[in-house]
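The values are calculated or read from the model by the stated rules, or taken from the named source; none is laboratory data. If you're wondering where the values come from, they're calculated on a predicted model, not measured in any experiment. Please note: Cβ atoms are built from the backbone with ideal geometry, for glycine as well, and neighbour counts cover all protein chains shown. Note: accessible area is taken over every heavy atom of the protein model, side chains too, but ligands, DNA and RNA are not part of it. Shrake-Rupley method; radii C 1.70, N 1.55, O 1.52, S 1.80 Å.
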Amino acid sequence: MTEPQVRAVGATREGEESLDGTLEFDGRRYPDGRASDPCKLGWMRGAPPAADKCITFESESFRNFPQLRWSFLHKRELVPTVSVWRGRSGPCKLDYNDKAADIDALSFYDMDSRSRCFDEALLDTYTDGIVVLHRGRIVYERYFGALEPHIPHACFSVTKSYASTLTAAFVQEGVLDDAKTIPHYLPELRGTAWEDATLRQVMDMQTSLAYSEDVYDGPSVKAYVIACGRRPKPAGYVGPTTLCDYLRAVRKEGAHGEGFVYKSPNADVMAWVTARATGRSLAHLLHERLWAPLGCEEDGYIEIDPVGMPSAAGGLSVSLRDLARFGELMRQEGEWNGKQVIPASAVHDIKKGVDPAKCSNMPKPGYSYRSMWWATHNELGAFEARGAYGQSLYVAPKADMVVARFASHPAWRRGSDPISIPQMLALGRMLRE
């Protein structure tokens, strides 16, 4: 898929402000980060809300921009979910070492060679919230629009990295064997695209599926999200109605193991394997292995299909500080408060990635993909969990830095990257000094 060309209306470079408060992405105008603030627009206020301020699942208005700037914080009110419990213990406190003034004033050049300030760049990338940890302490924290510290925000494909970290841990602990083919764990997937795919190929997106994620509203993605329960069924729909039914219908398109191709259903297969092998649901495993040990502040929740199967590819919602806690766990190679929560060997394998030369299909040169995490191979040794519309958990061990960021960018795939990638690099350089 050709990436959207991002520029401001009436300007020649990406991100420049237009006179009418709009930006243009791939030929379409959108209100900018200030004009699209969901609090200013008044979505879902009133008893009942006015018709022109109402956001519903059935109308699919929850998917539209700027309505999605509200719906990303309210998924539980739109689709069925299951809780990820934080446990009975109180939250593990995150200490503060405020560096907000210095960070706000930080300047950097975006990919169009335009000079930017850190704080203004957050608005230009439709940021909903950001927390920066340095050596485990909060040095910067900002919320925009309707997001607040206690409110979970949709993670989208950051969910994959949560689920895959659990799977990688079980591989290192010997519960799972990533050399086994998928039907070893899931006989239901014999005769499907995954019949001869190994768990490792699934974890690294090295499978060849008759499925395309290049077009957001294309037939593959549409049937997939309907089966997951994440979009309403159109009139006369006769396709799969559960996630498992959908996975059983996917067929192979070529040989596995010949290169990286990003295809979300792999995450659901991986999570299904993990649930089958452990006898625990994804929500329970997230509670048991992450939420409770990390002393998370808030319950999370994950979207489920009509029969209760969670969407491991993109259904998780968490609070921003709890996302930052997960990043700090990964920066410390699985250790939290003196306890090894995730095997260090699993985290080390994730963060080193693979040889970028073997990842010719990477959307960004120099990156690689391992266990559903993106390795940048940059000077900070950063690795990243990424999600649609600008969600990011950026872990930079060589800068002792973790950045948790939620956003609601109108360009669903990598729209903020021309600004946010150099922004993170500049921030890491500043903090490591």
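Listed values, structure above:
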quantity	calculated
Candidate set: region 262-307, residues that are of a type in the set (F, W, Y) and in a helix (DSSP H, G or I); chosen: the one least open to solvent (accessible area, probe 1.4 Å)	W291
Only one of L323, L285 that is modelled with pLDDT of 95 or more and either of a type in the set (K, R) or touching a strand residue (DSSP E or B) at 6+ places or on another chain (Cβ under 7 Å) (or both)	L323
The lone exception for H184 - which of (1) outside any loop (DSSP other than H, G, I, E, B); (2) free of Cβ contacts under 8 Å to residues at least 40 places away in the same chain; (3) within 29 Å of H287 (Cβ to Cβ); (4) open to solvent by less than 40 Å² (accessible area, probe 1.4 Å) it fails	(4)
Condition check for R230: closer than 23 Å to V82 by Cβ, open to solvent by 30 Å² or more (accessible area, probe 1.4 Å) and touching a Ser or Thr at 6+ places or on another chain (Cβ under 9 Å)	yes
Criterion: at pLDDT 95 or above, open to solvent by 30 Å² or more (accessible area, probe 1.4 Å) and over 26 Å from the mean Cα position of the chain (by Cα) - qualifying residue of R45, R13	R45
Helices (runs of 4 or more DSSP H) lying entirely in region 34-133 (those with 2 or more residues that are small (G, A, S) and within 18 Å of I419 (Cβ to Cβ))	none
Yes/no for R432 being basic (K, R) and open to solvent by less than 20 Å² (accessible area, probe 1.4 Å)	no
Subset of region 104-153 that is in contact with a Ser or Thr (Cβ under 8 Å, 6 or more places away or on another chain) and among the basic types (K, R) - its residue that is farthest from N337 (Cα to Cα)	R116
Among (1) open to solvent by 10 Å² or more (accessible area, probe 1.4 Å); (2) among the small types (G, A, S); (3) modelled with pLDDT under 95 - the single one G353 does not satisfy	(1)
Residue within region 272-281 that is under 14 Å from V307 (Cβ atoms) and touching a strand residue (DSSP E or B) at 6+ places or on another chain (Cβ under 8 Å) present	yes
Hits in region 308-327 - residues which are farther than 21 Å from A267 by Cα and either open to solvent by 10 Å² or more (accessible area, probe 1.4 Å) or of a type in the set (A, V, I, L, M) (or both)	L320, R321, A324
One residue from G259, G239 being modelled with pLDDT under 95, open to solvent by less than 50 Å² (accessible area, probe 1.4 Å) and touching a Ser or Thr at 6+ places or on another chain (Cβ under 7 Å)	G259
